[in-house]
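Structure first, commentary second.
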């Protein structure tokens, strides 16, 4: 499915709102109806451009700008993800499970720790609500269930 994290959003005189980003998966075409998450804004793509040339469709790896109808630059922003509203549209996640490798971290990490997460173009604070297990990073074997804390090494 289409996933396009927004790098930036521009307002261009005479054209309108132009989100810019790299297609990670799927394809983006003019005429498509896209949804931006977590903003939950849905709109039509008027045109797709790469390096000032109009494209029929944008493929994974393409850095593109695309013109959208009736959307203000205030409605969407860097870090939002665009997707096809008719085919598995992107959704906001309230929680997620992550496998984390701790490198050069002073002190201990416990439940409630709040790091800043950088994922694609998103930059957001999150919180470790639960430490599920400790795994040996070499063997991949579980060392401990529900550890009280974790540290580097």
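Throughout, read-outs are computed from the coordinates displayed, never taken from laboratory work. As the structure is a computational prediction, the values presented were derived from the model and not from experiment. FYI the Cβ positions are ideal-geometry reconstructions off the backbone, even for glycines, and counts take in every protein chain you see.
Observations on the structure shown:
- With neighbour counts taken as other beta-carbon atoms within 10 Å, the residues 51, 120 rank, fewest first, as 51, 120.
- Three-way shape label, the range 93-153, alpha-carbon gyration tensor, a/c 1.5: prolate
- Contact order relative to length of the range 54-153, as percent, for alpha carbon pairs under 8 angstrom and 6 or more apart: 22 percent
- Gyration tensor (alpha-carbon) shape descriptor, the range 4-84, a/c threshold 1.5: rounded
- Euclidean distance between Cα centres, the range 38-57 to the range 62-103, Å: 14 Å
- Label assignment, mean projected area of the Cα convex hull in nm² derived from the structure, set [x] 9.3; [y] 11.3; [z] 13.6: [y]
- Per residue convex hull volume, Cα atoms of the range 1-49, in Å³: 84 Å³
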